[in-house]
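Q: Next up is a structure, given as structure tokens.
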Amino acid sequence: MKASRVPSLVTVIWTDMRRHLLLVVLFTTLILSALSIIYVSHSHRLLIAERDRLLSERDQLDIEWRHLQIEQTALTEHSRVERIAEQRLDMVRPEGEQEVLVPWH
């Protein structure tokens, strides 16, 4: 009796893959497509989070800028400057005869 030879597992898999090449290509494409969707979704979520952080930072800077404008307006108010000059520095507004004009050459 002649012993029949059993093909190796690698040979069987290789033969099946060649026979069903279209299915192998479609399966590989499906897996690559799924992985690319996962990657793009993750990147999109990261970008959305970064955008939200930047918008929040912009809002905080806008609020700070408005407060600085209000503070600048209050500090440069003419009546405030005059009051500080009179109280802290004992300055008074000169009378007309006290004014001296300096000649310009």
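Q: Are there chymotrypsin sites (Phe, Trp or Tyr not before Pro) in the range 1-55 that DSSP marks as loop and that have at most 14 other Cβ atoms within 10 Å, and which are they?
A: Answer in residue order: no site qualifies.
Q: Between 38, 63, 84, which gets the highest mean-square fluctuation from a Gaussian network model of the chain, Cα cutoff 10 Å?
A: Judging by the Gaussian network model, the answer is 84.
Q: Computed from these coordinates, which is Rg/Rh (Cα atoms, Kirkwood Rh): (i) 1.77; (ii) 1.10; (iii) 1.13?
A: Correct label, based on the coordinates given: (i).
Q: Counting helices only, and only those DSSP H runs with n ≥ 4, report the 222 nm mean residue ellipticity of the chain as the sum of -39,500 (n - 2.57) divided by its residues, in deg cm²/dmol to the nearest 500.
A: Helix-only estimate at 222 nm: -26000 deg cm²/dmol.
Q: Over the chain, with a Gaussian network built from C-alpha contacts below 10 Å, which listed residue (53, 45, 93) shows the highest mean-square fluctuation?
A: 93
Q: Provide the FRET efficiency to the nearest 0.05 for the residue 54-residue 33 pair, computing r from the beta carbons and using R0 = 25 Å.
A: Plugging the Cβ-Cβ distance into 1/(1 + (r/R0)^6) gives 0.20.
Q: For the chain, with a Gaussian network of springs between Cα atoms less than 10 Å apart, report the residue from 71, 86, 50 with the top mean-square fluctuation.
A: Residue with maximal mean-square fluctuation among 71, 86, 50: 86.
Q: List the DSSP H helices in the chain whose Cα atoms stretch 30 Å or more along the helix axis and whose mean Kyte-Doolittle hydropathy is at least -0.5.
A: Long hydrophobic helices here: 21-75.
Q: In nm, what is the difference between 0.36 nm times the number of residues separating residue 87 and residue 44 and their Cα-Cα distance?
A: Going from the current span to full extension adds 9.4 nm.
Q: By count of other Cβ within 10 Å, fewest leading, how are 5, 19 ordered?
A: The most exposed by this proxy come first: 5, 19.
No lab work stands behind these numbers, since they all come straight from the coordinates. All values derive from a computational prediction rather than experimental measurement. Cβ: placed from backbone, ideal geometry, glycine included. Neighbour counts: every protein chain shown.
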